[in-house]
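Notes for the one structure printed next.
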Amino acid sequence: SAVISQKPSRDICQRGTSLTIQCQVDSQVTMMFWYRQQPGQSLTLIATANQGSEATYESGFVIDKFPISRPNLTFSTLTVSNMSPEDSSIYLCSARDQETQYFGPGTRLLVL
Amino acid sequence: GQQLNQSPQSMFIQEGEDVSMNCTSSSIFNTWLWYKQDPGEGPVLLIALYKAGELTSNGRLTAQFGITRKDSFLNISASIPSDVGIYFCAGQLGGSARQLTFGSGTQLTVLP
């Protein structure tokens with residue numbers, strides 16, 4: 001199994017600013033993903049983080065708003081840019097090995 | 001896109017009771033996963049199912065991959081207070097993308 005850590009675990013930010021969330025996996029994984037989870041809701045896939053190339057974004061999410069990096073097989077970052085209160089959510093990093101998919105503890109973001 | 005219907009949306013049960021929840025899909029999945037999410041945490045994998053008809057147990061938890069590949073259920077026997085949380089099913093298609101589609105979640109409350 002893969003153990004995933006994220007930082008920060010939570011943050012309170014002012015609108016118009018940007019926050020970068022880091023995700024570290026303890027083993028090399030084939031795929032990494034970023035999800036968003038509104039309170040009391042299910043998980044929504046933002047994008048697949050591709051090593052050494054541009055991320056693959058889902059409908060409704062764009063690179064300018066959520067730039068993603070994945071410089072190697074175990075690390076990825078998600079930036080939430082030009083934040084507004086609607087971006088307040090939990091952001092979850094996820095990684096897949098050969099068999100299944102695991103999740104990090106999440107980053108709780110509140111935008112004022 | 002794929003749709004996953006998870007039911008029930010919430011359950012209140014007495015400690016010691018058994019509980020069952022299920023997911024149905026409009027599409028065929030190659031893998032079914034069941035996760036539990038505690039407040040303030042990321043989803044934790046409970047059981048993974050890889051073959052139609054597969055029945056897998058993990059302690060007091062039992063899950064089955066439906067024969068039609070469009071459904072799965074999770075049973076929890078002899079519930080205890082720490083079973084409280086949100087349970088999510090997730091289905092995965094085959095192919096290179098292999099993205100997960102999540103159910104809406106079942107909020108479980110165990111009453112003493």
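What's the longest piece of chain B with no exposed trypsin sites (Lys or Arg not before Pro), counting a site as exposed if DSSP puts it in a loop and it has at most 14 other beta carbons within 10 Å?
Longest run free of exposed loop sites: B:61-112.
Return the Rg/Rh ratio of the protein assembly as shown with Cα-based radii and a Kirkwood Rh.
Across the protein assembly as shown, the Cα-based Rg/Rh ratio is 0.97.
What is chain A's relative contact order, in percent, from Cα pairs under 8 angstrom and six or more apart in sequence?
In percent, rounded to a whole number, it is 38.
Using Cβ-Cβ distances only, list the Cys residues of chain A with no partner cysteine under 4.7 Å, sorted by number.
Lacking a cysteine Cβ partner under 4.7 Å: A:Cys13.
Determine the dipole magnitude for chain B: charges of +1 sit on the beta-carbon of Lys and Arg, -1 on that of Asp and Glu, nothing else is charged, the reference point is the Cα centre, and the result goes in debye to the nearest 20.
Approximately 480 debye in magnitude.
Viscosity 0.692 mPa s, temperature 37 °C: give me the Stokes-Einstein translational D for the stretch A:1-108 in µm²/s, with Rh taken as the Kirkwood radius over C-alpha pairs.
It comes out at roughly 239 µm²/s.
On alpha carbon coordinates alone, what is the Rg over Rh value for the stretch B:3-81, Rh being the Kirkwood radius?
The Rg/Rh ratio comes out at 0.97.
Considering the options B:Phe12, B:Ser79, B:Phe102, tell which one lies farthest towards the positive end of the dipole of chain B, charges being +1 on Lys and Arg and -1 on Asp and Glu at the Cβ, about the Cα centre.
Going by the charge dipole, the pick is B:Phe102.
For Cα pairs less than 8 Å apart in space and 6+ apart in sequence, what is the mean separation divided by the residue count of the stretch A:1-58, i.e. the relative contact order in percent?
Relative CO of the stretch A:1-58 lands at 24 percent.
Using Cα pairs closer than 8 Å and at least 6 residues apart in sequence, work out the relative contact order for chain B, in percent.
Reported relative contact order: 36 percent.
Placing unit charges on C-beta atoms (Lys and Arg positive, Asp and Glu negative, everything else neutral), compute the dipole magnitude of chain A about its Cα centre in debye, rounded to 20.
Its charge dipole is roughly 240 debye.
Report the charge-dipole magnitude of the protein assembly as shown in Debye, nearest 20, computed about the Cα centre from +1 at each Lys and Arg Cβ and -1 at each Asp and Glu Cβ.
Dipole about the Cα centre, nearest 20: 340 debye.
Under a 1.4 angstrom probe, counting protein chains only, how are B:Phe29, A:Phe61 ranked by accessible area, largest first?
Result, largest first: A:Phe61, B:Phe29.
Tabulate in residue order the Karplus-calculated ³J(HN,Hα) for the stretch A:5-16, using 6.51 cos²θ - 1.76 cosθ + 1.60 with θ = phi - 60°, rounded to whole Hz; enter x for Gly and Pro.
The phi angles translate into 10, 10, 8, x, 7, 7, 7, 10, 10, 8, 4, x Hz.
To the nearest 10 square angstrom, how much accessible area does B:Leu108 have with a 1.4 angstrom probe?
We get 0 Å² for B:Leu108.
Could you name the lysines in cross-link range of A:Lys65, using Cα to Cα under 26 Å and dropping any fewer than eight places away on the same chain?
Output for A:Lys65: A:Lys7.
The values are calculated or read from the model by the stated rules, or taken from the named source; none is laboratory data. This structure is a prediction, so every number in the text was calculated from the model and none was measured. With ideal geometry, Cβ positions are generated from the backbone for all residues, glycine too; neighbour counts draw on all protein chains shown. In case anyone asks, the SASA skips ligands and DNA or RNA and just uses the protein heavy atoms, side chains included. Shrake-Rupley method; radii C 1.70, N 1.55, O 1.52, S 1.80 Å.
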